[in-house]
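Please read the structure below before turning to the comments.
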Amino acid sequence: MVKHIKLNLCDSTQDELKAHPEDNVLITTETQLKGRGRGDHQWEHAKGSLAFSFSCAPHPQLSWQSLEVAVLLQDFISQKFKVNLQLKWPNDLYINQRKCGGILLHHHDGKMNIGIGLNLLSHSQWSGILSSVELWKDSMSHEIPREFFDFYLLHSPVTQEKIKQSWLTHCAHLKKIVTLVEGREEYSGFFQGLGTHGEAIIDGKSYFNGSLRIKDL
């Protein structure tokens, strides 16, 4: 049973989710004022942006969960809108070589809280999925997240091998030169794939954390 809470306005769907300790809670909002990104970054919310969070059981291989969410979201978007997302390690979503969304995870009290920001319409420097602003409806702020959450619950957990295969198929930077920034350190080299825990393999070395930049994007 899914508990779907629909809001007109909130600071952060991740903060709203904290007030609901049970599994399978979905928070959707039409406007988000203080959306979170990785680290201290914020997610810019504009017309045509989806902002939602949900709670669910952790993946059996916890380190693969963000990648699982990414590949299932790619599958859902492909079926729903007939477009393919590109995936950037560890949790960014791209379309037409421009960022269109991101995934944020927080493991809390034995469950996983997952936040997603996704642009259906392009704005400022971000890309979008819909080809025309006329295709956007305000009701999508609630409807599309609910459809994806149902899709996610139906297909999760995905096996580690299937996650890896699907993720690499849609990777935006496989066999490209990337730079990984971790604190004050930077590492550059060819992105060769994923390790046994979902970590980035760059020039034969494993990296578990950091912000990845793609030279050609």
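Just so it is clear, none of the values below were taken in a lab; they were calculated from the coordinates. Quick caveat: nothing in here was measured; it's all calculated off a predicted structure. A quick note on method: Cβ atoms are made from the backbone with ideal geometry, for glycine too, and the neighbour counts reach across all protein chains shown.
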_Once R0 is set to 22 Å, what does the formula 1/(1 + (r/R0)^6) return for the Cβ-Cβ distance between GLN125 and LYS215, expressed as a FRET efficiency to the nearest 0.05?_
0.75
*Taking R0 as 35 Å, what's the FRET efficiency between THR169 and LEU33 from their Cβ-Cβ distance, rounded to 0.05?*
0.45
*asked:* Between VAL2 and LYS18, what is 0.36 nm times their sequence separation minus the Cα-Cα distance? Round to one decimal in nm.
replied: 4.2 nm
*Quick one: angle between helix 140-155 and the longest Cα principal axis of the chain, in degrees between 0 and 90, rounded to 10, please.*
60
*Which length gain, in nm to one decimal place, applies between SER78 and LYS47 when the Cα-Cα distance is subtracted from 0.36 nm times their residue separation?*
9.0 nm
_Considering only C-alpha atoms, what is the centroid distance from segment 195-210 to segment 84-105, in Å?_
18
*Principal-axis tilt of helix 160-169 within the chain, Cα atoms, nearest 10 degrees*: 80
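How high is the relative contact order of the chain? Use alpha-carbon pairs under 8 Å, at least six apart in sequence, and give a whole percent. Don't skip to the answer; put the middle values down first.
On the way: 428 pairs, mean separation 38.5, N = 217.
18 percent.
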*Could you give the length gained on full extension between PHE208 and SER156, defined as 0.36 nm per residue of separation minus the Cα-Cα distance, in nm?*
16.4 nm
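How big is the equivalent ellipsoid of the chain along its three axes, where each semi-axis is √(5λ) from the Cα gyration tensor, reported in whole Å from largest to smallest?
On the way: eigenvalues 140, 80, 55 Å².
Whole-Å semi-axes of the equivalent ellipsoid: 26, 20, 17.
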*Calculate for the chain the 222 nm mean residue ellipticity that helices alone would give, adding -39,500 (n - 2.57) per DSSP H run of length 4 or more and normalising by residue count, nearest 500 deg cm²/dmol.*
-7000 deg cm²/dmol
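What is the mean projected area of the alpha carbon convex hull for segment 18-124, to one decimal in square nanometres?
Working: hull surface 28.6 nm².
For the Cα atoms of segment 18-124, the hull's average projected area reads 7.2 nm².
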*Excluding residues on the same chain fewer than 8 positions from LYS205, give the lysines whose Cα lies under 29 Å from its Cα.*
LYS88, LYS99, LYS162, LYS164, LYS175, LYS176, LYS215
*In Hz, Karplus ³J(HN,Hα) per residue of segment 207-213 (6.51, -1.76, 1.60; θ = phi - 60°; x = Gly, Pro)*: 10, 9, 9, x, 9, 9, 10
